[in-house]
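One structure is given below, encoded as structure tokens.
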Amino acid sequence: MVSTLSLSIRRIDCARDDAREAIASLRRELSPKGNVVSPEGRARTVAVFGEPLSPPRVVERICEHVATRGLDAVLDYTRKLDKVDLKPEDVRVSRAELDEAHRNADPEYLATIARIRENVLAYQRAILTKDVHVEPRPGVKLGLRYTPLRRVGVCIPGGAAAYPSTLLMTVVPAQAAGVEEIAVVVPPTKFGGYNPELLAACRELGATEVYRIGGAQAVAALAYGVEGIPAVDKIVGPGNLFVALAKKHVYGEVDIDSIAGPSEVVLIADASADPDYIAADLLSQAEHSPGAGILLTWTPGMVGRVAEALERQLAELSRGDLARDSLEKFGALIECVDEDQAVALSNLFAPEHLHVSTADPERLLPKLTVAGAVFLGHLTPVALGDYAAGPSHVLPTSGTARWASGLSANDFLRRSSLIGVDARGLSALAPDVRRLADVEGLTAHRSSVDVRTAKIERP
């Protein structure tokens, strides 16, 4: 039963003296955290480890055990944390299981997966970085070559819902880049490794290396390699706090895409925006639970109209209680002094999703410099990017869009510099090499040039 209680979402009037502190408090709520744990989580930690460890320490302990004990540790933590008793032969989803799920799937569902795959492939291939070759002077040839990573691991959530969309938004960009080996890990739950729709999507995409493991132990297995699961070069994909912290822990052993937090949207609206549209977009991210939704508007009365629309729509949502809780904890309706202040606050929040719901969104775009993904216009809900448009929905959260970018096919490429010179090029560059080598006292560096120039300059 959906709650009918009045929504207690914070409202901030930027004309008031206390607005600065209210916005600062909101930013603190949305910043990355790594030490907050619920009473239930604390109780489970004590049951498993015998002491109330912080989440980072829990992850450190799990990763250490997987690194030293291999698959036995993965299965042990799967029993203790996921309450699933897996046998070694049950960890990998068999080809027969994938084929059966695909055979029994709704044809229209498979057609949807196929269409979205083509959308994602078309976009990701179009943005794929190309090799560069230049000849800045006679005898000197330089270049930059891009080659795909050999093997990557993909984390797909599966605790509260099934996410074939995340499968599409991680596996397909890797395929567009030319990655040959893609290992998918998904929790051993009815929404994960035992979900027929998800397994059917894996088969439709050609992702046939699928493992029923989740959490920090899955990240560690991918990073270090365990019996039956070779180590990968990079780990991508979202997850809960423990998955995020595990990715942070193994970074350096492997590459990672980001340390993702709860989903979030900032919505900039002028007088032309429809309050019902705005409310729907705020709720679409809040229903992730946790999920943050922030409205920035300078239109008088818009905050009140959006609040009324939120109340109406919350009463109709199956996950209304979860969305309400998220908005009350991490949401805000902010009335700005003017358009410039709304733009400045958006850049300050550095949101994962930025929806510009104005009469002329293209006009504001040059000033909106910090966001994971930007959605332009009243008819472009964030859900289009989440599910079907083409860019990946794996995006920087918690303000990390200040320096991080969303996942793309280019993240599955490695760069190699190419340098080649002939006698003319060596002779031209040699004097500068000698001079810097002398300054740094690296005589062998100078000698490696001198031994060559002496021979090519000899009559």
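The values are calculated or read from the model by the stated rules, or taken from the named source; none is laboratory data. Fair warning: this is a prediction, and the values are worked out from it, not measured in the lab. Every residue, glycine among them, receives a Cβ derived from its backbone with ideal geometry; neighbour counts consider all protein chains shown.
The table below lists the values:
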quantity: Failed item, numbered, when GLU264 is tested on (1) under 25 Å from GLN341 (Cβ atoms); (2) over 18 Å from the mean Cα position of the chain (by Cα); calculated: (2)
quantity: Number of the condition not met by TRP403 [criteria: (1) modelled with pLDDT of 95 or more; (2) within 28 Å of ASP131 (Cα to Cα); (3) exposed (fewer than 15 other Cβ atoms within 10 Å of the Cβ)]; calculated: (1)
quantity: Output for the range 239-270, where each listed residue is crowded, with 23+ Cβ neighbours inside 10 Å and acidic (Asp, Glu); calculated: ASP257, GLU264
quantity: From GLY70, GLY143, residue being surrounded by 12 or more Cβ atoms within 10 Å (Cβ to Cβ), under 29 Å from ALA409 (Cα atoms) and of a type outside the set (Val, Ile, Thr); calculated: GLY143
quantity: Which numbered condition ALA246 fails, given (1) in contact with a strand residue (DSSP E or B) (Cβ under 7 Å, 6 or more places away or on another chain); (2) in contact (Cβ under 8 Å) with a residue 40 or more places away in the chain; calculated: (1)
quantity: Matching residues, the range 69-98, being in contact (Cβ under 8 Å) with a residue 60 or more places away in the chain and assigned to a helix (DSSP H, G or I); calculated: LEU71, ALA73, VAL74, TYR77, THR78, LEU81, ASP82, PRO88, ASP90, ARG95, GLU97, LEU98
quantity: Residue identified as out of contact with any strand residue (DSSP E or B) (no Cβ under 7 Å at 6 or more places or on another chain), surrounded by fewer than 18 Cβ atoms within 10 Å (Cβ to Cβ), among the hydroxyl-bearing types (Ser, Thr, Tyr) and not assigned by TED's automatic domain parsing to the domain that holds ILE156 among SER398, SER427; calculated: SER427
quantity: Residues (under 30 Å from GLY178 (Cα atoms) and either at pLDDT below 95 or of a type in the set (Phe, Trp, Tyr) (or both)) located in the range 413-459; calculated: none
quantity: Tally of residues being at pLDDT 75 or above, buried (at least 16 other Cβ atoms within 10 Å of the Cβ) and not in a loop (DSSP other than H, G, I, E, B) across the range 12-43; calculated: 5
quantity: Residue, modelled with the highest pLDDT, within the range 312-334, restricted to residues that are surrounded by fewer than 24 Cβ atoms within 10 Å (Cβ to Cβ) and of a type in the set (Gly, Ala, Ser); calculated: ALA315
quantity: Test: residue in the range 365-380 that is surrounded by 16 or more Cβ atoms within 10 Å (Cβ to Cβ), in a helix (DSSP H, G or I), assigned by TED's automatic domain parsing to the domain that holds GLU21 and not small (Gly, Ala, Ser); calculated: no
quantity: Any hit, the range 121-137, residues being surrounded by 14 or more Cβ atoms within 10 Å (Cβ to Cβ), at pLDDT 95 or above, farther than 30 Å from ASP422 by Cα and of a type in the set (Ser, Thr, Tyr); calculated: yes
quantity: Flag for GLY252 being free of Cβ contacts under 8 Å to residues at least 40 places away in the same chain and on the phi > 0 side of the Ramachandran plot; calculated: yes
quantity: Among (1) farther than 15 Å from LEU283 by Cα; (2) of a type in the set (Asp, Glu); (3) without any contact (Cβ under 8 Å) to a residue 40 or more places away in the chain, the one test that ASP325 misses; calculated: (1)
quantity: Any chance VAL172 is closer than 23 Å to ALA388 by Cβ, in contact (Cβ under 8 Å) with a residue 12 or more places away in the chain, touching a strand residue (DSSP E or B) at 6+ places or on another chain (Cβ under 9 Å) and outside any strand (DSSP E or B); calculated: no
quantity: Members of the range 255-271 that are touching a strand residue (DSSP E or B) at 6+ places or on another chain (Cβ under 6 Å) and closer than 21 Å to VAL219 by Cα; calculated: ASP255, ILE256, ASP257, PRO262, SER263
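Rundown of residues vs (1) more than 26 Å from PRO262 (Cβ to Cβ); (2) assigned to a strand (DSSP E or B), yes/no style:
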site	(1), (2)
GLU100	yes, no
THR112	yes, no
ARG117	yes, no
LEU121	yes, no
ARG125	yes, no
GLU135	yes, yes
TYR146	yes, yes
PRO157	no, no
THR166	no, no
